[in-house]
Amino acid sequence: MGVIKPHRQLNKKQIEQQADKVLAAMQSNDFMPKKWSNLAERTADFFDLCVDWVPFDPKQDGIVAAKIYPTDKRIELNLDFQALHTNEGLYQSTVSHEVGHWVLQINQAEAEGTIFQGELPLTPAMDREIFLCRTVDEQMLYQTTQRTQSDWREWQAQYFSSCLLMPQFKIEEARKGRNLLNWNHLKAIQEELGVSQRNLVHRLKDLELIEESGRRLYPGRRLKSGEPLLASWQESSSTPD
Amino acid sequence: MDQTFGKRLREARRSKGYSQRELAGFVDVDYTYLSKLENDRADYPPKEDVLRALARHLELDAEELSYLAGRITAEDAKVVQDLAKTHQKQMPVLLRTIRDNPAIAQRILQEAQQEEHPEDL
């Protein structure tokens with residue numbers, strides 16, 4: 001085993017269960033944020049991952065929003081990436097994306113040095129292995145042409161981020177008394193959860209609550225049938241793997 | 001000594017449940033500067049009023065925080081200034097020696113304490 005887990009094909013349900021488990025663990029350890037819009041940072045704190053703003057070298061890194069250094073337990077955010085400062089939704093999405101790498105793809109015990117390298121000796125380069133997030137493009141969730149393992153890792157981390165920031169119970173809670181087909185109501189939900197509009201719309205589509213055509217919103221299968229989402233994360237996180 | 005200013009700050013913020021952005025807002029500093037402080041990478045220690053505000057919001061001892069941050073009290077700063085005035089050439093040498101050789105610093109401190117409190121001997 002190494003710091004980075006071997007590539008695993010995880011489906012949406014498996015990733016959502018992982019996100020729900022994280023939320024349940026935070027809840028039982030009294031670690032939930034006072035404001036939901038602080039969830040991403042709070043989750044990083046839960047895993048004891050430092051968040052650090054540093055200038056990146058575009059020549060070396062390309063256009064990168066964030067990186068995670070597993071063995072240092074550090075998430076670096078690109079100080080010069082303006083949208084991270086101005087777009088709350090992108091900031092939350094970026095931090096929780098890096099947490100997604102930590103949860104899904106990193107051998108945490110190994111990264112923390114609590115167990116020894118079992119099979120192959122770590123080279124200094126491997127020990128410092130990082131994930132470069134070249135883009136935190138929420139559209140990537142819906143691309144179907146991922147080809148490389150790296151693309152899949154990015155997709156998994158981004159889907160985890162979406163499930164973490166918008167778990168089903170929270171969507172159920174936030175949509176009460178609101179019309180999901182009204183953009184103003186969606187804006188209110190978006191601000192309450194601290195996510196971007198596109199990310200929220202994608203999540204609602206994924207949960208079959210709405211459908212979208214151009215800028216028009218239509219009821220999805222669940223909204224039409226009145227079928228509720230899960231009422232609590234305990235309900236989903238208790239599902240065996 | 002593995003307790004640094006950054007670690008102390010981060011532990012306290014974590015246990016209080018504040019995000020970096022929240023705490024930075026409370027103490028009126030930029031959150032990117034707070035991240036540098038937490039990672040012990042800041043180019044300069046926080047100002048006295050920021051230290052006091054951090055200590056207040058995180059319920060930490062302001063003096064301990066101040067020393068961890070590399071700041072000294074105004075009273076101590078005066079002593080250092082006086083010494084620098086009267087021993088312009090020796091002071092930098094002395095301070096570097098103390099920094100590079102903690103055993104010497106320990107011995108000087110012990111001797112100073114014995115002079116202040118001879119009854120403890």
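The values are calculated or read from the model by the stated rules, or taken from the named source; none is laboratory data. Being a predicted model, the structure only gives us computed values, none of them experimental. Cβ atoms come from the backbone with ideal geometry, glycine included; neighbour counts cover every protein chain shown. In case anyone asks, the SASA skips ligands and DNA or RNA and just uses the protein heavy atoms, side chains included. Shrake-Rupley method; radii C 1.70, N 1.55, O 1.52, S 1.80 Å.
Looking only at residues of region B:57-89 that are open to solvent by 100 Å² or more (accessible area, probe 1.4 Å) and of a type in the set (Lys, Arg), we find that the one that is nearest to the chain's Cα centre (by Cα) is B:78.
Screening region A:56-84 for residues that are in a loop (DSSP other than H, G, I, E, B) and farther than 19 Å from residue A:40 by Cα and picking the one that is modelled with the highest pLDDT gives A:80. Could you look through region A:38-63, keep only residues that are open to solvent by 20 Å² or more (accessible area, probe 1.4 Å), in contact (Cβ under 8 Å) with a residue 40 or more places away in the chain and within 30 Å of residue B:16 (Cβ to Cβ), and pick out the one that is nearest to the other protein chains (Cβ to nearest Cβ)? Among them, the one singled out is A:38.
Can you confirm whether region A:9-23 contains a residue that is more than 9 Å from chain B (Cβ to nearest Cβ), open to solvent by 30 Å² or more (accessible area, probe 1.4 Å) and free of Cβ contacts under 8 Å to residues at least 24 places away in the same chain?
Taking region A:9-23 first, the residues more than 9 Å from chain B (Cβ to nearest Cβ) are A:9-23.
Retained after the next criterion (residues that are open to solvent by 30 Å² or more (accessible area, probe 1.4 Å)): A:9, A:11-14, A:18, A:21.
This time we only want the ones that are free of Cβ contacts under 8 Å to residues at least 24 places away in the same chain, so: A:11, A:13.
Yes.
State all residues of region B:20-76 that are touching a strand residue (DSSP E or B) at 6+ places or on another chain (Cβ under 7 Å) and among the charged types (D, E, K, R); if no residue qualifies, say none.
Just the residues of region B:20-76 that are touching a strand residue (DSSP E or B) at 6+ places or on another chain (Cβ under 7 Å), to begin with: B:20, B:32, B:35, B:38-39.
Across region B:20-76, the qualifying residue is only B:38.
Of all the listed residues (B:89, B:16, B:36, B:7), the sole one being over 30 Å from residue A:32 (Cα atoms) and either within 14 Å of another protein chain (Cβ to nearest Cβ) or not hydrophobic (A, V, I, L, M, F, W, C) (or both) is B:89.
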